[in-house]
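Q: Below: one structure in structure tokens.
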Amino acid sequence: MKRLAVLISGRGSNLEALLGAIQRYGWPIEVACVISNRPNAGGLDIARSKGIPTEVIDHTQFSDRSAFDNALIHRLEAQQPDLVVLAGFMRLLTAEFCARFRHRLVNIHPSLLPAFKGLQTHQQAIDAGVRIHGCTVHLVTAELDHGPILAQAAVSVRHDDTAEALAARVLKMEHEIYPKAIAAWLSGQLTVEDDRIIDRGEGAFPTGFMSCQLHPDLA
Ligand code: GAR
């Protein structure tokens, strides 16, 4: 059984999708704990309703980023996770944290990286006039929204899109690809070479799943 620690800051829809997929596909994966940096994160209720241990490490109670990250490292080490999953965790992590969990730390970002790093990614996409937008699952490095890419999903950008409408379509795809990318990475059949994920095509991803997914709009 592979153990996950999931870090959240908000509503937790990706956490919920992950828990649903683990149950639906019967993967030998368990979410050992959910940690939030915000006491009122909605995702904490999702975890509690499934009987998953939760913890709040409130970043406002720490003098600086490094003190917060050290507390987080301490709590995570106690859980001995195989993988730390960032699911809407809206804190920058120190280089020390990223090094400690090198290749054991994954994130989902709501854009087709390397485009549109940072915040308000859907508005960034609309403002740039791109026709295709999406989301990316990647291993985390010390550089913001950067690291070997495990999976991406694309949606079309409509001429009358708002950031909210676009975000909703992207989120649907996030829920599709994040659990499957996590399962694939945990399968141990993917490797990292020169900052890229190498998939030798030996069935790392669940049957029928490609690491590049298209919204039905684009298929
Ligand atoms: C998701 O859209 C995720 O991609 C984004 O926050 C949202 C969290 O939603 N993450 C980032 O922007 C990280 N840079 P959720 O709490 O419902 O999973």
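Q: Anything in region 143-158 that is open to solvent by 20 Å² or more (accessible area, probe 1.4 Å) and within 27 Å of Glu96 (Cβ to Cβ)? List them, or say none.
A: Glu143, Leu144, Asp145, His146, Ile149
Q: Being assigned to a strand (DSSP E or B), open to solvent by 20 Å² or more (accessible area, probe 1.4 Å) and over 14 Å from Thr136 (Cβ atoms) is the filter here, so list the residues in region 175-213 that pass it.
A: Thr191, Val192, Glu193, Ile198, Asp199
Q: Yes or no: Ala78 assigned to a helix (DSSP H, G or I), open to solvent by 30 Å² or more (accessible area, probe 1.4 Å) and either within 28 Å of Ser187 (Cβ to Cβ) or in contact with a Cys (Cβ under 6 Å, 6 or more places away or on another chain) (or both)? Before the answer, list the steps.
A: Working: assigned to a helix (DSSP H, G or I): yes; open to solvent by 30 Å² or more (accessible area, probe 1.4 Å): yes; either within 28 Å of Ser187 (Cβ to Cβ) or in contact with a Cys (Cβ under 6 Å, 6 or more places away or on another chain) (or both): yes.
In short, yes.
Q: Tell me, which residue of region 122-142 that is open to solvent by 10 Å² or more (accessible area, probe 1.4 Å), in contact with a Phe, Trp or Tyr (Cβ under 8 Å, 6 or more places away or on another chain) and closer than 15 Å to Ala163 by Cβ is nearest to the ligand (Cβ to nearest atom)?
A: In this case the residue turns out to be Gln124.
Q: Report yes if some residue within region 105-121 is more than 14 Å from the ligand (Cβ to nearest atom), open to solvent by 50 Å² or more (accessible area, probe 1.4 Å) and not in a strand (DSSP E or B); otherwise report no. Spell out the reasoning first.
A: Pass one, region 105-121, residues more than 14 Å from the ligand (Cβ to nearest atom): none.
No, region 105-121 contains no residue that is more than 14 Å from the ligand (Cβ to nearest atom), open to solvent by 50 Å² or more (accessible area, probe 1.4 Å) and not in a strand (DSSP E or B).
Q: In region 81-95, which residues are more than 16 Å from the ligand (Cβ to nearest atom), open to solvent by 30 Å² or more (accessible area, probe 1.4 Å) and in contact with a strand residue (DSSP E or B) (Cβ under 7 Å, 6 or more places away or on another chain)?
A: Passing the criteria: only Asp82.
Q: Scan region 55-71 residue by residue and report those that are more than 15 Å from Val31 (Cβ to Cβ), open to solvent by less than 60 Å² (accessible area, probe 1.4 Å) and away from the ligand (no atom under 16 Å from the Cβ).
A: Ile57, Asp58, Ser66, Ala67, Phe68, Asp69, Ala71
Q: While we're here: Residue by residue through region 1-37, note down the ones that are under 16 Å from Arg104 (Cα atoms) and in a loop (DSSP other than H, G, I, E, B).
A: Hit for region 1-37 is Met1, nothing else.
Q: Between Arg24, Arg3, Arg11, which is farther than 18 Å from Leu171 by Cα, under 17 Å from the mean Cα position of the chain (by Cα) and either more than 15 Å from the ligand (Cβ to nearest atom) or modelled with pLDDT of 95 or more (or both)?
A: Answer to the check: Arg3.
Q: Just a yes or no: is a residue in region 140-156 part of a helix (DSSP H, G or I) and β-branched (Val, Ile, Thr)?
A: The initial filter retains those residues of region 140-156 that are part of a helix (DSSP H, G or I), namely none.
Looking for residues that are part of a helix (DSSP H, G or I) and β-branched (Val, Ile, Thr), one finds none in region 140-156, hence no.
Q: Consider Asn40 carefully, then state whether it is part of a loop (DSSP other than H, G, I, E, B) and either over 15 Å from Ala5 (Cα atoms) or open to solvent by 60 Å² or more (accessible area, probe 1.4 Å) (or both).
A: When the stated conditions are applied, Asn40 passes them.
Q: Going through Asp217, Asp161 one at a time, which residue ends up being surrounded by fewer than 20 Cβ atoms within 10 Å (Cβ to Cβ), in contact with a Ser or Thr (Cβ under 7 Å, 6 or more places away or on another chain) and outside any strand (DSSP E or B)? Even if it seems obvious, please write down each step before you answer.
A: Values: Asp161 fails: in contact with a Ser or Thr (Cβ under 7 Å, 6 or more places away or on another chain).
Sole residue among the options that is surrounded by fewer than 20 Cβ atoms within 10 Å (Cβ to Cβ), in contact with a Ser or Thr (Cβ under 7 Å, 6 or more places away or on another chain) and outside any strand (DSSP E or B): Asp217.
Q: List every residue pair whose Cβ atoms lie under 9 Å apart, where the two residues are 6 or more positions apart in sequence or sit on different chains, the first residue falls within region 50-68 and is farther than 17 Å from Arg38 by Cβ and modelled with pLDDT of 95 or more, and the second residue, located anywhere, is assigned to a loop (DSSP other than H, G, I, E, B) and among the β-branched types (Val, Ile, Thr).
A: That search, which allows pairs on different chains as well, returns Ser66/Thr94.
The values are calculated or read from the model by the stated rules, or taken from the named source; none is laboratory data. On a predicted model such as this, the values are computed, not experimentally measured, just so you know. Don't worry about glycine lacking a Cβ; one is built from the backbone with ideal geometry, like all the others, and counts go over all protein chains shown. Side chains included, ligands, DNA and RNA excluded: accessible areas come from the protein's heavy atoms. Shrake-Rupley method; radii C 1.70, N 1.55, O 1.52, S 1.80 Å.
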